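Input: a single structure, listed below in structure tokens.
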2 protein chains.
Amino acid sequence: MKEQVKTYLNRYVLFSDSEIDEIYSKLSYKTVPKKDFILREGQVCKKKYFILNGLLRSFYIDSKGNEKITQFALENWWVTDMESFINQTPALSSIQALEKTEVLIIDKIDLENLYVSIPKLERLFRIITENMLIAIQRRNNVYLQMKSKDRYFDLIKQLPNFIQRVPQYMIASYLEITPEYLSELRKTS
Amino acid sequence: MKEQVKTYLNRYVLFSDSEIDEIYSKLSYKTVPKKDFILREGQVCKKKYFILNGLLRSFYIDSKGNEKITQFALENWWVTDMESFINQTPALSSIQALEKTEVLIIDKIDLENLYVSIPKLERLFRIITENMLIAIQRRNNVYLQMKSKDRYFDLIKQLPNFIQRVPQYMIASYLEITPEYLSELRKTS
């Protein structure tokens, strides 16, 4: 488990072993059963979760009462409700495990302290956050312009082993297409 | 001009005067005439722009040939095409001045060097990027769910002096409503 964290941390910035130890000492382990929530709309999110394995989704309920999936999160990703975590306000979305998921958890206050003692960690999160911003802008500006067929094939290409792990109606929600149309696309692929 | 930068920089993180001097020495000044572009779709963006005064917009042309405005940027904001700036790939959007705009410019390479010599600057950009991410998620998840009337009144509330400075069809594009409907809303407000 520690090896996975070390490999992950050193992907963008090179940490010393003692820095890895210090960061690791602030992480706590948890198994999240399938369908359990790590955050529910309305709660204040005080933690970031690093996914060791498994699968989570972020979603909110829109004004018509429909679930809107905004993100799937897989192994080696950090997940949180950023607005709630940063501003300590009630979360506007929920985060739920779609499989039994193992996570490492860091408290907001521990993370803030680590930023001060290990500035390289701040670099890592600056880079991760920039990449998240790019991903979300790309999804907004390009992805949602693509024909829905192309969005589906793009998703298969980006995350080939992912489609099988998620209920089809959730894939459809994420792609903003109907489950019926998704079913048609799957037949032709 | 330097005072404005100093006030801005010290908003989230406290810098020493010598750190301010070092950062400031890497900024170059430019006046961008109204309607001029600081970035065109297809160019690789190598700079971040700090807006001293004026107004810029980011937009792309969608598959139907329509302009889609993704962001307006005002005084004391940083603007760039994040994906192009980080990955050094051709920009998918353009950035254009809507008024005569004064900017301070930093090169990517100078910024990367400053992150190393002044880790607090990395903190500032980590925080700014988190706030941008929150804003864009909020726009996605909540804002675009609001009724278009509420989006308009929310915009007036957030940026009361902004509406008068921008052509109405651009406001409509940003709010994803028709110019005719915007005109109706303006009559009732």
The base-10 log of I(q)/I(0) that the Debye equation returns for the stretch A:1-100 at q = 0.10, 0.15, 0.19, 0.22 Å⁻¹, one scatterer per C-alpha, is -0.32, -0.67, -0.98, -1.17
Exercise: per-residue mean of other protein chain Cβ atoms within 10 Å, B:83-91: 2
Between the stretch A:36-76 and the stretch A:1-31, the Cα center-to-center distance that results, in Å: 23 Å
Starting with the highest mean, order A:158-171, A:105-118, B:45-58 by the number of other Cβ atoms within 10 Å, averaged over the residues of each peptide. B:45-58, A:105-118, A:158-171
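Based on the Cα gyration tensor of the stretch A:120-189, what are the three equivalent ellipsoid semi-axes, each the root of five times an eigenvalue, rounded to whole Å and given largest first?
Listed largest to smallest, the semi-axes of the stretch A:120-189 are 28, 14, 10 Å.
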Given contacts defined as C-alpha pairs under 8 Å and at least six residues apart, what's the relative contact order of the stretch B:142-189, whole-number percent? 34 percent
Which one of A:38, A:178, A:13 is farthest out on the positive end of the charge dipole of chain A, using unit charges on Cβ (Lys, Arg +1; Asp, Glu -1) and the Cα centre as origin? A:178
Share of the protein assembly as shown's accessible area from carbon and sulfur, percent, 1.4 Å? 51 percent
Quick one: how many lysine pairs in the stretch A:1-90 have C-alpha atoms under 24 angstrom apart, if they're 8 or more apart or on different chains? 29
Along each principal axis of its Cα atoms, how long is chain A end to end? Whole angstroms, biggest number first, please. 53, 33, 32
Pseudo-spin-label distance residue A:108 to residue B:87, built 7 Å along Cα→Cβ, given in nm, is 3.2 nm
Sorting from shortest, the nanometre distances separating the label point of residue B:10 (7 Å past Cα along the line to Cβ) from those of the same residue in the other copies are 4.2
Using a 1.4 Å probe and counting only protein heavy atoms, arrange A:188, A:178, A:80 so the residue with the most accessible area comes first. A:188, A:178, A:80
What Kirkwood hydrodynamic radius do you get for the stretch B:62-130 when you take the inverse of the mean 1/r over all pairs of distinct Cα atoms, in Å? 14.3 Å
Alpha carbon convex hull of the stretch B:16-60, projected area averaged over orientations, nm²: 4.3 nm²
For residue B:53, what residues show an amide H to amide H distance below 5 Å, using hydrogens built from the backbone and excluding near sequence neighbours? B:102
Which whole-number percent is the relative contact order of chain A (Cα, under 8 Å, 6+ apart)? 23 percent
Accessible area buried between chains A and B, both sides summed, probe 1.4 Å, in Å² to nearest 100: 3000 Å²
Residues of the stretch B:97-123 with backbone N under 18 Å of the label point set 7 Å from the Cα of residue B:169 along Cα→Cβ are B:97-99
Anything losing 20 Å² or more of accessible area from the isolated chain to the full protein assembly: pick those residues out of the stretch B:126-141, probe 1.4 Å, ligands and DNA/RNA ignored. B:126, B:129, B:130, B:132, B:133, B:134, B:136, B:137, B:138, B:140, B:141
What are the nm distances, shortest first, from residue A:169 to its equivalents in the other copies, labels at 7 Å along Cα→Cβ? 4.3
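Summing -39500 (n - 2.57) over the DSSP H runs of n ≥ 4 in chain A and dividing by its residue number, what mean residue ellipticity at 222 nm do you reach, to the nearest 500 deg cm²/dmol?
Dividing the helical sum by the residues of chain A leaves -13500 deg cm²/dmol.
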Area projected by the alpha carbon convex hull of the protein assembly as shown, averaged over all directions, nm²: 20.0 nm²
Per-residue SASA entry for residue B:67, accessible area with 1.4 Å probe, Å² rounded to 10: 70 Å²
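The values are calculated or read from the model by the stated rules, or taken from the named source; none is laboratory data. Source: prediction; values computed, not measured. Note: ideal-geometry Cβ built from the backbone for every residue, glycine included; neighbour counts use all protein chains shown. SASA here: full protein model, heavy atoms, side chains in, ligands and nucleic acids out. Shrake-Rupley method; radii C 1.70, N 1.55, O 1.52, S 1.80 Å.
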